[in-house]
Structures are given as structure tokens and as C-alpha cells.
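The values are calculated or read from the model by the stated rules, or taken from the named source; none is laboratory data. Given the structure is predicted, the values throughout are model-derived calculations rather than measurements. FYI the Cβ positions are ideal-geometry reconstructions off the backbone, even for glycines, and counts take in every protein chain you see. Quick note on the areas: whole protein, heavy atoms, side chains included, nothing else; ligands and nucleic acids left out. Shrake-Rupley method; radii C 1.70, N 1.55, O 1.52, S 1.80 Å.
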Number of protein chains: 2
Amino acid sequence: MEYIFSDKLNSLKPSAIREILKNSGNSIPFSAGNPSPLSFPVDAIRELSADIFQNNSTAALQYSITEGYAPLIESVAARLKSRFNIDTDHNPVIITSGGQQGIELACKAFCNEGDTVICENPSFIGALNAFRSLGTNLVGIDIEGDGISPEKLDLALTENPRAKLIYLIPTFQNPRGTTTSLEKRKAIYEVALRHKVMILEDNPYGELRFSGEEIPTLKSMDTEGIVIYCSSFSKILSAGMRVGFVSAPEAVIQKMVVAKQCEDVHTNIFFQMLCHRFMTEYDFDGHIKGICDLYGRKCALMMSELDKNMPKEITHTVPDGGLFVWLTMPAGSDMLGYIKACTAAGVSAVPGIAFNADTEASSDSFRITYATPSDEDIVKGIGIMADVAKNWIKS
Amino acid sequence: MEYIFSDKLNSLKPSAIREILKNSGNSIPFSAGNPSPLSFPVDAIRELSADIFQNNSTAALQYSITEGYAPLIESVAARLKSRFNIDTDHNPVIITSGGQQGIELACKAFCNEGDTVICENPSFIGALNAFRSLGTNLVGIDIEGDGISPEKLDLALTENPRAKLIYLIPTFQNPRGTTTSLEKRKAIYEVALRHKVMILEDNPYGELRFSGEEIPTLKSMDTEGIVIYCSSFSKILSAGMRVGFVSAPEAVIQKMVVAKQCEDVHTNIFFQMLCHRFMTEYDFDGHIKGICDLYGRKCALMMSELDKNMPKEITHTVPDGGLFVWLTMPAGSDMLGYIKACTAAGVSAVPGIAFNADTEASSDSFRITYATPSDEDIVKGIGIMADVAKNWIKS
């Protein structure tokens, strides 16, 4: 049988990150977007799971409603209100199967095949592929140190009348690790509103600030109901349990619930119970602070190793939070050759092309993380990358 | 902001079953497709979860690969081979977030917006809505006691050149509870092959036979690689944990993996570990036999209560397995009025219209289940339905 697949999936390649993760073997893991295993509150999870399967097993194992476990919806809504100033009274919360599902559902709710999604360039490959898997076209706007230019966004929206969604990671962006300034956030919101195009604000790293000043979320400025806010527990509790959440205007949430029902009926209920109880019965703020301290320390170590060892021709971003650092080689360098040589030498990284909106475009950059590797591996890995780099930088 | 949603979601209504489940309150639960809580091996799950979070917590809480947990893939493949004679050497297995996701991914892999899915009529509402949520058109073929007519399928495929998928639940069909005969299975396979259209065989109830003779799966006859086989642990271990699986030719599986990556990255890994260990370390066959015995007994009780009490004008199917019984009122009855009266009297059931491929079509039928209610509630509930029926059957 010769298979004729749908147009939307026919051109879609497996995620480069997932493929690297699958084949990374024993190399130093600078490539994955995994949280540190040290961030998992294992003792609490062990206690809570024992209690849930002892005292609430039927509810934890039976079908549940698509919107999510009501007590978790409440505790997430309370957190979004207190921590990010989001008006959850008018923007109800639903629970999704990781942040990934929230992103995909938002696109499904607003985009027909052939519609356009505007995104930062580079951006999170998982989101870009989700948009592609729904048959949309991507238009990337090159990101600057303080976010995309509102003027370029205005132009892109004018030039693309079928634009239905603007996808942004304003805080500790993936892959660059940088943050959109308050001024640009305000201007971006005004531009989107003027064009009547929805913003999908993806904020999986928002809780993970270890330096610099808090910047309000786009959703906190959203008086007109044009922002869909997505996030998850993946980076603050556990990635493997696949629990995320969305806050958006009621009408939008209703459509996303219907679409979610068609995808997986509901998110596994046991981990929803566990998240709720961890948030309300344990020191959640203290737990988050512990992760921020951990990543702050690891990031500082990586910055210092980079500055000490890396050829100055390779520049890097300086994150105030999140997981990622973005390195850029001199224009026209053989970035792919360099990353392959690093992998051969025992360090993995993600080539920048993986994050391009235009899959044919080139890149001089690559992404690494300080979250997953041990301190020893950060020192060793940057040392290896610096050594390998010497052969790839023209002097 | 006035929202303009995608065409595919704009017309999609929330699932009638989910809505009834959400609002069923204290009524006798004849409506849900929930497995019996007695079918959950709670002690084993408690032991296994304690052990996993004690000895394997990092792997259970970290990101994993999209295809699924390798040991579970192996044990599912072995089971499909031994129990259903499926050639898993040439039809690899992936793990999905419930059977629902397998169904949705199969459609996404083969269908563009505007393509056609052929299905049994009536059929599983969750699948029909998944097809609708991807912008496909549904063409239903009225199901007979022994499955759809291969001749009608042939005609439908001829009349619908954009048909890309044939969706069937050959064994203990939802909602009818009936099974497609071996002769029809063979003929259906030949028709699909001649038209080069893929079959999606949904078999979530296949393990739950309590009487009658085993009938080979369509997938076991699939020498040409045109059958995608979907199933799940929802009805044999736990529905809330959201773990399902698909077996299909390698090229199809590759596309489904890429699509799954875009939806939820991977299925929660903890319950994948748990399923694998339950299958290999506990008496899985004994556990399945226990569920079959339970449902066989409950079904017999419901059949006897129906035959004793229900007006003869209301006919019912006699299942050999699975969860469902399908009742049909005399042509032109006010079925909806009757179901509403039953709900008011304290018994919930699902109106047949919920399962129609054509949402405008009427129905004289409704679905009930013996799986969820207690024995006492089966007796009481059928008694109430029979009493209410007397006012709704014209003598």
C-alpha cells in the first residue's frame, strides 16, 4: 500500500530536539529542554500518591470531565491571579495535557488550514510544529534583545490578512532565554488589538526568575480579551506527568474544551489531584524559590565558564530566568559542522535552524541549557565546546 | 472582542455524553461509558506506584520520548500478537493518551479538511467529534445486527472519492454492543483494499468477551497494511490514567508520532511504567477474566430485568461482551421525551441521536450500560425505565 498522508503532516519532520534527545546517549545534555531532576519534589510526590491511591483511588482512576479537576482549576486560577495579576474571574482556567496541548488547542480553535500564525523567530519548535500540523503558514519576525519590534508586527499583520494568531514567549524565551520589555509588550498588545488578532502568550518559564525585575504578563494587560495564556507544571513540578493549563475568555475556553475532548477526553486525573494537593498542602512558594535558586546558581556557573573559556567571537545571551542560553557564531560560520563536532566530542546542543519559522532558512546560532547537566558537566561541557570552537572560528 | 473561530470547531458541540456525565448528579448511571470501579486493580496500583516513586522517580517524572515507554511498547506488542494475532513485527506499537488520541491521530495523518470519513451509523461520539474537529465530512452507513453491509460500503466509497478513512468498531460496538461477523469483516477488508482506503479498527472492548465465540480482528487479516488498530487500557485497567495504544504499518506510525509530538509531546510516563509492570508482574489474564466475569454477570442481570419488565415494544441488543446495550422504541416514538422523563425519574441514558453521523438525523434508540451501576441499581433502574415506558408506548 502506498500511503497518501494529509498535506499538513506530509511535510512535517520529527522534532529535531526530540530526535536529539532520543539519540543523545551518554553525551553531556546541553540540548534538551528538560528541567533538572533536582527540581522534582520526590518525597512530597511519594507521600501524596500513596495517600491518593489509599483514600481516593476510584476518582483517581475513573474518567473525569474535560475541563479538569475542579480543585486544581481553582488553585491554578488563584496562583495566576496572585502571581501574574491575571483576571481569572473573567478568564477561566482549563487543565491541558502539558503546555504543548494548550498551544495546539489555541491554534485549532482559531485557524483553518491555510491561515497564518505570526511568531517570534527563532521560537519554540514544539509550538511551530503544532501550528504546521494544523496546516497553517508561519510568518516569523526576527526577535531582538528586548523582543520583536511592534512595527514589524504591524507590518506582518497588514501583509498577512489571514493571520489569526500571534504566538509569543515574552518571558525567558525559548530558545533565546531573553525577555520582551514592558514597552514592547504594551505596544505589541495595542498592535494586535488594532488588527483584532489573538495573542497566544506562552509562559512556561514565568515562575523561574532568578534575577532582574518582574515584567507584567501580556495577559495581565488584557482588558479586551485577546490574549490566551498557556503554561504548565512541566518546569516547576514534573514534566513527565503532562499537566498544563490555559486561562482565556470564556468563549475561547469553551471551544478549546470541545477540541480537547476530541484529542484525549481529559488530562490524567491522578496527577491533577497531585498538583492541586502539592500547591495547597506544601510550601509551593518555597519550592519555586528552591528551583529559582538552583537555576540561578547553575546559570551563573555557565555564564562564568562561557566568559572564561569560549572564544569571544561566539556571543551569548544572559538570561534572568528560565532554562536557556543562545549562542551565536560569526555570520556565515559552519554552525551545523560545529555542533556535530561538539556532539562527537561528547556535548549535545540544538542547532538554531531547528527553531526557525522558515525551515529553509540558515542560522549561526545554537541553544544550550544549564538546567539539566550537573555542575561538573557544565564546567566540562563548556570546556569541550570551547576547545572544539577553536577549530571553527576563523582568526 | 468578537471571536471568529475556525470552521472545524465552529459547528462542533460539546459531547452529549460528557455533558450528561457532568450533570448526571445522583441519577442511576446507565449513561456513561465508564468502566466499573470494581475493575480497577487498586491494590496492585498502590504497590506499583509506591515502588516506582521509591526506585524510579526521576524517570517517572521527567520528559520521555513520544513513541512511548519502550518496555510497555514491548508488552503491548506481545499481547496484541498473542491475544489478537496481530503481526506487531511489521506493525509497530505506539502509546497514545487514551484510545481517543489514537483515533484522532489516525484521522489527522490521512485527512485534509474537506475529506470524508466513512463510519458505522450509529457510532462512538468521541470518534465522530474527533473527525469533525479536523474538518472532515462524515458519511454513516447504517449498521445491521452483524455489522455494516460491505455492498453499502462499496457504494459509499464509490460515491465519495474524497473518503480517506473507514472507522469501525467491529467488536462489541459502541453504542450498539453488537459484533461484526467474520464474513462481513472479510468482505469489508476486500472492499477497502480495492478502493485503497485505510480502515481504522477501534477495539477498546476486544478483551471483554464474556460469551460467544472469538472473531478475528480486521488487523489480523491485514496482509496489505491498510488497517490502523487502536485500543486502550481504559476499559481493562483504568480510564483516568489515559493510556492507549496503536499498531499500524511503520510509515503510518511515523506520521502519527510526529502528530502526537505536536499534541502532548508524550503520554504521562508514570502510568506507562505502571501498565507495563502490571502486565508483566501480575496475573494480567486473571485480571481480565475477572472483569469479563463481572460484566457477564451484570449483563445477564440487565438482560433478565429488561426481558421481565420492559414493554415488548422496546427491543434491545444482546451483547457478548463490552459495556453497552442498545434499546429501540417503536418507529416514530418520542425517544427524547422518554429519556428526559427517565432522567427526571432518576435514571440516565444516552439518546441515540448523540451517535448519529448526521447530527440532524433523528433516532428511536438509546444506549444504556451495565458496567457502572451496582446490581441493585441495575434492578432499580430498569424497573424505573420500564414504569416510565408505559406512558410512552402507544398501545
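Summing Lys, Arg as +1 and Asp, Glu as -1, what charge do residues with Cβ under 12 Å from the Cβ of B:LEU193 carry, B:LEU193 excluded?
So the surrounding residues net to -1.
Charged side chains reduced to their Cβ positions (Lys and Arg at +1, Asp and Glu at -1) give segment A:89-197 a dipole of some 180 debye around its Cα centre. Ascending distances from the B:LYS289 label point to its copies in the other chains, with the point 7 Å along the Cα-to-beta-carbon line: 5.8 nm. Can you pull the Rg over Rh of segment A:1-158, Cα-only, Kirkwood? Ratio of gyration radius to Kirkwood radius for segment A:1-158: 1.02. For segment A:198-285, the list of GluC sites (Glu not before Pro) that fall in a loop by DSSP and count at most 15 other C-beta atoms within 10 angstrom reads A:GLU213, A:GLU214, A:GLU224. Per the Cα gyration tensor, the protein assembly as shown maps to an equivalent ellipsoid with semi-axes of 46, 27, 26 Å, ordered largest to smallest.
The charge dipole of the protein assembly as shown, taken about its Cα centre with unit charges on the Cβ of Lys, Arg, Asp and Glu (plus for the first two, minus for the last two), comes to roughly 40 debye. Our note on the geometry: Cα centres of segment A:294-321 and segment B:162-235, 56 Å apart. A dipole drawn for segment B:140-190 from +1 and -1 charges on Cβ atoms has a positive end, and of B:THR158, B:ILE143, B:PHE172 the residue lying farthest that way is B:PHE172. Whole-Hz Karplus values for segment B:350-356 come out as 9, x, x, 4, 4, 9, 6 Hz, taken residue by residue from phi with 6.51 cos²θ - 1.76 cosθ + 1.60 and θ = phi - 60°; glycine and proline positions read x. Chain B packed on chain A takes about 7000 Å² of accessible surface away from a 1.4 Å probe, both sides summed. Within the shell of other residues whose beta carbon sits under 13 angstrom from the beta carbon of A:VAL325, the net charge comes to 0, with Lys and Arg scored +1 and Asp and Glu -1.
In this rough spin-label picture, where each label sits 7 Å from Cα along the Cβ direction, the B:LEU182-A:ASP293 distance is 6.9 nm. Membrane-span-like helices in chain A, defined purely by DSSP H runs whose alpha carbon atoms cover 24 Å or more axially and whose average Kyte-Doolittle hydropathy reaches -1.0, are A:284-309.
Out of the trypsin sites (Lys or Arg not before Pro) in segment B:287-325, which ones are loop residues according to DSSP with at most 16 other C-beta atoms within 10 Å? Could the numbers behind the result be given before it?
Values: sites: B:LYS289, B:ARG297, B:LYS298, B:LYS308, B:LYS312; in loops: B:LYS312.
Within segment B:287-325, the qualifying trypsin sites (Lys or Arg not before Pro) (loop, at most 16 other Cβ atoms within 10 Å) are B:LYS312.
Given R0 = 60 Å, the distance between the Cβ atoms of A:SER304 and B:GLU214 translates into a calculated FRET efficiency of 0.35. Going 7 Å from the Cα of A:THR280 along its beta-carbon direction, which residues of segment A:77-107 have the amide nitrogen within less than 14 Å of the resulting point? Output list for this probe position: A:77-79.
Grab the Cα-Cα distance for B:LYS312 and B:LEU155, subtract it from 0.36 nm times how many residues apart they are, and report the gain in nm with one decimal. Each step should come with its number before you reach the end.
Working: separation 157, 0.36 × 157 = 56.52 nm, distance 3.52 nm.
Length difference between fully extended and current span is 53.0 nm.
What does the charge count around A:SER247 come to, taking other residues whose C-beta lies under 14 Å from its C-beta (Lys +1, Arg +1, Asp -1, Glu -1)?
Its environment carries a net charge of -4.
In this assembly of identical copies, the label point of B:ASP307 (Cα plus 7 Å along Cα-to-Cβ) is separated from its counterparts by 8.5 nm, sorted shortest first. With the charge dipole of chain A set up from +1 on Lys and Arg Cβ and -1 on Asp and Glu Cβ about the Cα centre, the Cα lying farthest toward the positive end among the listed residues A:LEU48, A:LEU12, A:TYR189 is that of A:LEU12. Sorted shortest first, the separations between the A:ASN85 label point and its copies elsewhere in the assembly read 6.8 nm; each point sits 7 Å from Cα along the Cα-to-Cβ line.
Round to the nearest 0.05 the FRET efficiency obtained for B:SER11 and A:ALA331 when R0 = 41 Å and r is the Cβ-Cβ distance.
E between B:SER11 and A:ALA331, to the nearest 0.05, is 0.25.
Using Cβ point charges alone (K and R +1, D and E -1), the dipole size of segment A:193-292 about the Cα centre works out to roughly 240 debye.
If you plug the beta carbon distance of B:GLU74 and A:VAL42 into 1/(1 + (r/R0)^6) with R0 = 22 Å, you get a FRET efficiency near 0.25. Per residue of peptide B:99-112, the mean number of Cβ atoms on other chains within 10 Å of the residue Cβ is 4. Checked against a 24 Å cut-off, the cross-linked pairs A:LYS81/A:LYS289; A:LYS235/A:LYS289; B:LYS81/B:LYS298; B:LYS312/B:LYS380 give Cα-Cα distances beyond that limit for B:LYS81/B:LYS298. When shorter helices are ignored and each DSSP H run of at least 4 residues is given -39500 (n - 2.57), the per-residue value for chain B at 222 nm works out to -13500 deg cm²/dmol.
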